[in-house]
Structures are given as structure tokens and as C-alpha cells.
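The values are calculated or read from the model by the stated rules, or taken from the named source; none is laboratory data. Small disclaimer: the values here were computed from a predicted structure and weren't measured. Note that each Cβ is placed from the backbone with ideal geometry, even for glycine, and that neighbours are counted across all protein chains shown.
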Amino acid sequence: MVAYFFDSSAIVKRYLIETGRGWVGSITDLAAGNKVYLARHSCRSDLSHNAQSARFGLLATGASKAIADFRDDFGNEYSVIELTPSLIEQAADLAEAHALRAYDAVQLAAALQIDVEMKSAGASPITLVSADGALNTAALAEGLAVDDPNTHP
């Protein structure tokens, strides 16, 4: 099993027509057997905002379907990382250390938490999947493997 932590900039590509959509779809397909983690706060508002944006070329019905599909998958296909006081504290430290936005720092803290848990269990480390350059740079500095879906046409 390969484990991935997706930030919102990457997981929305499963539901919207964007660069990297096919690659993200191949990783998140249940038949692939991968473990996909998301932070509890991930994506719901981000997907709603982006799906309704004209730049993605979706009609209102397409946006509604994308949002409904994500909501269904969120509860059924992803491993959700809960926000705890210690995770928020770690996120604050990461935001300061790497000049990250709070939202990105929470994503990074959640990915690091899962990475530690995976390594402690003797499993392979996770890969952070993100299309956010600042988050990817910080994740690399923290020792995480990173993959940007925008590099996968």
C-alpha cells in the first residue's frame, strides 16, 4: 500500500477539469489500493469555490455534481485527519518557520503527523500531493516526499 496526503489544491483535481486530473484519478481510484489522507477541513469550501468558478469551464450542474461527488467520497473513500489542539499548535510553528498561510500550515502539520505514524508502524513514508509551491517547498524542508499534480499532464 502506498499512502498519500492530498492538500486541497491537489484533491480538487479529481473532481474538476484541470491539469493532473487523470494522474490524481489514478492514485485515488479505489482499485489502485492506495491510502489517501485528507485533513478534516480540507476542500469542502475550496471545492465549492473552485467548482463554481468560471475558469474551470463547468456549468452550474457540473459544479453541483463535483461538489456532491466530493462530499460522498470524503465520507467513504478518504482517511480523514482530525484537527486537534496539538496539530494546530504544530501548524502555528510551521507557519512561522516557513512563512506559510495558516491553511497550508495545517495541511503540512497533518501530513507530518501521518508520516510519523506511518514510519513508526514500519510502513513507507507518505507523499504529500500538492499544487501549492510554498507548501511543497516547506514540506521538502520538513523531509516529506512531495509530488505536484501539475507536473502530470
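Given the residues Leu144, Leu94, Leu87, Leu135, which is the only one that is within 13 Å of Tyr4 (Cα to Cα) and modelled with pLDDT of 95 or more?
Going through Leu144, Leu94, Leu87, Leu135 in turn, the sole match is Leu144.
Of the residues that sit in the stretch 21-42 and are crowded, with 19+ Cβ neighbours inside 10 Å and assigned to a strand (DSSP E or B), which one is nearest to the chain's Cα centre (by Cα)?
Looking at the filtered set, the residue picked out is Leu38.
List, please: which pairs have Cβ atoms under 9 Å, are six or more places apart or on different chains, and start with a residue in the stretch 6-21 that is at positive phi and end with one that is in a helix (DSSP H, G or I)?
So the pair list comes out as Gly20/Ala10; Gly20/Lys13; Gly20/Pro149; Gly20/Asn150; Gly20/Thr151.
Report whether or not Asp115 is under 15 Å from Met1 (Cα atoms) and at pLDDT 95 or above.
yes
Anything in the stretch 48-68 that is surrounded by 14 or more Cβ atoms within 10 Å (Cβ to Cβ) and at pLDDT 55 or above? List them, or say none.
Selection gives Gly62, Ala63, Ser64, Lys65, Ala66, Ile67.
Of the numbered conditions (1) exposed (fewer than 13 other Cβ atoms within 10 Å of the Cβ); (2) modelled with pLDDT of 85 or more, Glu77 fails exactly one; give the number of that condition.
For Glu77, the failing item is (1).
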